[in-house]
Amino acid sequence: MHELLTPTQMARADALTIAGGISGIGLMNKAGLAVADEIATRHPLGARIGVVCGPGNNGGDGFVAARILSQRGYRVRIALLGAEANLTGDAALARAACRLPLESDGRDVAAWSQCTIDALFGAGLTRPIDGEAALWVAALNASNAEIVSVDLPSGVNGADGAANGAAVQADRTVTFFRKKPGHCLYPGKQYCGIVRVADIGIAARVLDEIKPDVFENAMDLWRDFWAPPTALGHKYSRGACVAVSGPPSATGAIRLAARAALRAGAGLVTIASRPDARAINAAQSTAVMTRCFDGDQEFADLIADPRLAAIIIGPGLGLGSDLADANRRLVLKTLQTDALVVLDADALTLFQSRPSGGAGPDLLYQCLAKRPPERTVLTPHTGEFARLFPDIAEKPGLSKIDRTVAAAHRANAVVLLKGADSVIAAPDGRAVVNHRASAWLATAGSGDVLAGILAGLGAQSIPGFWAACMAAHMHSAAGDQAGPGLIAEDLVEAIKPVIAAFDADFRSRHQKKILPGAAV
């Protein structure tokens with residue numbers, strides 16, 4: 001149930017189902033029933049239910065819901081946008097079965113209702129809502145009624161979550177078979193309210209032909225990659241990680257990342273510092289170790305240890321002119337190892353596109369091209385992404401998923417584009433959307449913790465793509481654990497109960513069942 005289908009893919013699922021013997025009106029009847037049931041669980045018989053219908057199949061779902069609710073004893077009024085004579089296909093059949101009178105002004109219906117069904121436009125709408133429809137949307141949003149949208153709030157693009165004009169602010173959304181990217185990507189997500197996915201009789205086997213490659217982040221996707229330590233394990237078997245420090249004035253970021261890596265399960269974590277920063281890192285680290293390097297060769301020797309499983313570089317690394325060239329060399333040297341490398345923050349900006357040329361992204365891409373794609377993870381926020389991939393960031397018509405996949409392909413690396421709707425993409429086109437992050441995570445150092453969690457998971461031999469998906473989930477869950485008012489330091493400690501939940505899940509799936517009557 002975690003696949004995200006574009007409107008085009010969903011239309012294909014409908015077509016395959018209809019070709020398999022279920023009629024279009026049969027699917028529409030089940031969709032309308034799901035909407036009616038959603039309302040019936042929340043509103044008593046006799047409640048005033050308004051339905052505003054558009055001219056397409058979304059409106060057809062609304063007619064079905066209106067008919068069922070009226071038959072159950074609800075007071076129902078329907079408004080249709082446009083002329084009834086313009087209805088065609090299954091929508092016309094649904095209207096023929098619903099003989100309630102039609103009204104011409106959805107604004108009146110919205111003002112009268114205790115609950116309004118938004119059945120104007122579905123997930124396939126790509127143009128801005130304007131004219132009379134925009135007035136109806138404004139009336140819905142201004143009313144005191146609960147709004148239940150059919151498939152997706154009208155005005156929201158199902159493929160990318162865009163809302164370029166008027167859009168319905170729903171309290172609840174009932175969609176069918178699978179969610180769409182627009183349910184998970186902002187700004188669309190904020191218009192959906194609570195989303196319910198209803199079964200309308202489309203068999204999961206249609207996905208074998210559609211072959212979706214975009215998913216909602218969920219434990220089911222990657223739980224088999226995580227396992228607790230074994231009794232015979234040791235710190236090196238759990239994975240060694242190096243976190244590369246910047247100058248003394250900016251060491252806090254890497255300490256957050258290093259401690260998060262340790263808490264996420266790496267067996268040991270070492271902060272690698274230049275001589276001027278080692279003392280401050282050592283003074284504020286306990287379980288995290290410190291080592292010193294002075295110059296490129298000593299750094300290369302430090303990270304040449306074959307036991308090293310992961311490296312994180314970038315948080316607080318430094319962008320100043322006195323450090324930029326040396327730090328770029330450090331980044332490139334990490335890419336010459338076999339370790340999983342997490343490039344975050346300054347490690348990305350150091351290679352930003354420059355009009356004057358020089359050490360821009362092409363130099364980074366050349367090094368990344370020589371590495372297995374699962375062994376490097378880039379974790380930019382939106383600004384860093386635009387600096388590293390300016391043409392992709394500015395190209396019109398691309399969703400956040402499209403942009404992240406394109407960047408991953410170009411970089412030959414996993415890309416985790418951070419945000420309230422973080423997208424993780426691999427060069428082969430797989431993508432996962434993590435959209436459950438707490439707003440309290442928007443605080444200094446939060447991204448450093450995320451990068452550290454990722455490195456800690458990668459140190460345990462979890463492939464980069466799945467480590468990134470797991471890290472995004474763990475980061476969000478830690479935000480929920482830490483709660484309102486959290487700061488980055490709280491996040492690190494909140495990882496522990498999240499790991500406990502992972503452990504409980506693992507043990508519940510792997511413990512042997514005792515058969516009834518068996519000797520104990």
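Just so you know, all these numbers are worked out from the coordinates, no wet-lab data involved. Small disclaimer: the values here were computed from a predicted structure and weren't measured. Positions of Cβ are backbone-derived with ideal geometry, glycine not excepted, and every protein chain shown enters the neighbour counts.
About its Cα centre, the chain has a charge dipole of approximately 960 debye under the convention of +1 per Lys or Arg Cβ and -1 per Asp or Glu Cβ, with nothing else charged. Working from label points 7 Å from Cα in the Cα-to-Cβ sense, the Asp480 to Ser249 distance is 4.1 nm.
For Ala218 and Lys370 in one chain, what is 0.36 nm times their gap in residues minus the Cα-Cα distance, to one decimal in nm?
That pair, Ala218 and Lys370, stretches by 51.6 nm at full extension.
In the chain, Cα pairs under 8 Å separated by at least six residues give a relative contact order of 12 percent. Sorting Lys30, Lys400 from the fewest to the most surrounding beta carbons within 10 angstrom yields Lys30, Lys400. Measuring r between the beta carbons of Ala287 and Asp208 and using R0 = 56 Å, the FRET efficiency lands at 0.75. As a calculated quantity, the FRET efficiency between Ala11 and Ala198 at R0 = 25 Å, using C-beta atoms, amounts to about 0.90. Ranked for footprinting exposure by Cβ neighbours inside 10 Å, fewest first, His475, His510 give His510, His475. Rg and Dmax over the alpha-carbon atoms of the chain stand at 26.5, 82 Å.
Compared with the direct C-alpha span, the chain from Arg329 to Lys496 gains 56.6 nm at full extension, assuming 0.36 nm per residue. Summary value for the stretch 226-472: 21 percent relative contact order, contacts being C-alpha pairs under 8 angstrom separated by 6+ residues. When both bridge partners sit in the chain, DSSP labels roughly 15% of those beta bridges antiparallel.
Based on Cα contacts under 8 Å between residues 6+ apart, the stretch 373-497 shows a relative contact order of 22 percent. Fully extending the segment from Ala231 to Tyr186, taken as 0.36 nm per residue of separation minus the present Cα-Cα distance, adds 11.8 nm.
Counting Lys and Arg as +1 and Asp and Glu as -1, what is the net charge of the other residues whose Cβ lies under 14 Å from the Cβ of Thr443? Once positives and negatives cancel, what remains is -2. With bins 10 Å wide beginning at 0, the percent of Cα pairs of the stretch 226-472 falling in each bin runs 8, 35, 38, 17, 2, 0. Under 12 Å from the Cβ of Tyr191, count the other residues' Cβ atoms, weight Lys and Arg +1, Asp and Glu -1, and hand me the total. So the environment of Tyr191 carries a net charge of 0. The label-point distance for Asp276 and Asp391, in a model that sets each label 7 Å from Cα toward Cβ, rounds to 3.8 nm. With Cα atoms defining each centre, the stretch 85-124 and the stretch 268-316 are spaced 65 Å apart in the structure.
Seen against the Cα atoms of the chain and their longest principal axis, helix 131-142 is set at about 70 degrees. For the peptides 200-207, 441-448, the ranking by packing is 441-448, 200-207, with the highest mean count of neighbouring Cβ atoms within 10 Å listed first.
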